[in-house]
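I have placed the structure first, in the form of structure tokens, so that the comments after it can refer back to it.
The values are calculated or read from the model by the stated rules, or taken from the named source; none is laboratory data. Keep in mind it's a predicted model, so treat the numbers as computed, not measured. Note that we place each Cβ from the backbone using ideal geometry, even for glycine, and neighbour counts take in every protein chain shown. Calculation scope for accessible area: heavy atoms of the full protein, side chains included, ligands and nucleic acids excluded. Shrake-Rupley method; radii C 1.70, N 1.55, O 1.52, S 1.80 Å.
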Amino acid sequence: MVIGIDMMGGDYAPQQALLGVDLFLADAVPGIELVLIGDEQVLLKHFPSLPATVSFVHATEVIDMHEPPTRALRDKPGSSMNIGFDLLAKGTVDAFVSAGNTGAMMVGVFYTIKAIEGVLRPTISTVIPKVQGGYGLILDVGLQADCKPENLLQNAILGSIYAQNILEIENPTVGLINIGEEEGKGNLLAQAAYRLLKENKFINFIGNIEGREILTGKADVMVCDGFTGNVILKLGESIFDIAKSRNLDEDDYFKRFNFETYGGTPILGVDKPVIVGHGISTPKAYRNMIHLATKMIETKLLEKMKEKFVSEESEEAS
């Protein structure tokens with residue numbers, strides 16, 4: 001298993017990424033190799049002796065956090081991000097992790113990594129702490145600002161498979177985020193999506209959930225358009241900031257809002273594992289992103305997603 005890491009992406013690169021690699025190596029299990037993509041001379045200074053499971057791929061350019069995504073990828077073929085996607089597309093690495101320019105990461109996925117056959121649009125998700133323990137999953141949280149009912153159905157399927165394999169929830173429940181519990185509530189998107197979710201046999205749909213129920217664990221997988229999901233994501237981040245300012249960040253519940261605990265978010269619905277991290281990712285966040293990438297590979301998550309969409313297409317054809 002080989003994990004590629006963009007060492008030059010992020011607000012504090014490459015120092016935080018290097019320290020994150022150190023944390024991972026401190027308790028890494030055998031059989032996991034890391035390919036560090038960045039300025040080789042800078043990276044070499046960090047390692048007195050290079051571990052056998054670590055190698056470098058030199059990158060001559062860096063995509064800045066505020067550069068226009070498409071132009072940056074086009075004009076900087078030698079960037080650590082471009083090289084990472086190229087290694088992933090060729091199969092040289094099995095997963096790619098970056099805390100670099102989020103827009104560029106999304107563009108890179110669409111240009112170099114194909115979607116799973118049958119998936120209309122890839123999605124991004126985030127975990128959300130449940131009051132009683134564990135995590136739920138919300139998707140989409142920004143990639144599908146405008147979407148169709150079919151996108152929400154596919155998000156529910158992708159999210160359910162993710163929850164089963166990564167969050168280890170045996171039969172995850174699915175809820176549609178809405179402004180009321182009744183079936184007829186919501187805008188045209190929500191009403192049409194409700195019908196599709198209710199009729200689909202591949203998910204455990206329990207109906208609408210309201211905003212006040214997002215943190216209670218009423219549903220394990222919560223689907224919404226990316227505009228709504230991104231507002232919820234940023235609200236969750238602010239909850240931790242407020243808790244920290246009031247010295248509540250060590251509370252068993254509030255500390256689970258800290259993005260470091262899950263590291264980054266995967267882009268679901270694409271053919272290969274891609275993990276996107278926060279620009280301010282810390283060593284702990286990098287370590288957990290690498291762990292997430294390895295778990296996605298170990299559980300054969302993408303293979304299971306591909307099988308599910310083949311099954312669904314066969315069901316629809318019959």
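Quick notes
- Residue match in the stretch 299-315 (condition: at pLDDT below 90, open to solvent by less than 40 Å² (accessible area, probe 1.4 Å) and either in a loop (DSSP other than H, G, I, E, B) or more than 30 Å from residue 2 (Cβ to Cβ) (or both)): yes
- Counting only strands (runs of 3 or more DSSP E) that fall entirely inside the stretch 163-244 and contain at least 1 residues that are farther than 30 Å from residue 297 by Cβ and over 22 Å from the mean Cα position of the chain (by Cα), the qualifying elements are 204-209.
- Odd one out for residue 112 among (1) free of Cβ contacts under 8 Å to residues at least 60 places away in the same chain; (2) in contact with a strand residue (DSSP E or B) (Cβ under 7 Å, 6 or more places away or on another chain); (3) closer than 30 Å to residue 311 by Cα; (4) of a type outside the set (A, V, I, L, M, F, W, C): (2)
- Candidates in the stretch 156-184 are the residues that are closer than 19 Å to residue 146 by Cα and free of Cβ contacts under 8 Å to residues at least 40 places away in the same chain; of these, the one that is surrounded by the most Cβ atoms within 10 Å (Cβ to Cβ) is 178.
- Residue 152 within 19 Å of residue 125 (Cβ to Cβ) and at pLDDT 95 or above: yes
- Conditions (1) assigned to a strand (DSSP E or B); (2) open to solvent by 10 Å² or more (accessible area, probe 1.4 Å); (3) not polar (S, T, N, Q): number failed by residue 48: (1)
- Residue match in the stretch 17-33 (condition: touching a strand residue (DSSP E or B) at 6+ places or on another chain (Cβ under 6 Å) and open to solvent by less than 50 Å² (accessible area, probe 1.4 Å)): no
- Screening residue 280 with (1) assigned to a strand (DSSP E or B); (2) surrounded by fewer than 18 Cβ atoms within 10 Å (Cβ to Cβ) gives one miss only, at (1).
- Identity of the residue in the stretch 217-268, in contact with a strand residue (DSSP E or B) (Cβ under 8 Å, 6 or more places away or on another chain) and among the β-branched types (Val, Ile, Thr), that ends up farthest from residue 105 (Cα to Cα): 221
- Residue 37 vs. criteria outside any helix (DSSP H, G or I) and open to solvent by less than 80 Å² (accessible area, probe 1.4 Å): yes
- Elements of the type strands (runs of 3 or more DSSP E) sitting completely within the stretch 59-143 and holding at least 2 residues that are open to solvent by 10 Å² or more (accessible area, probe 1.4 Å): these cover 123-129.
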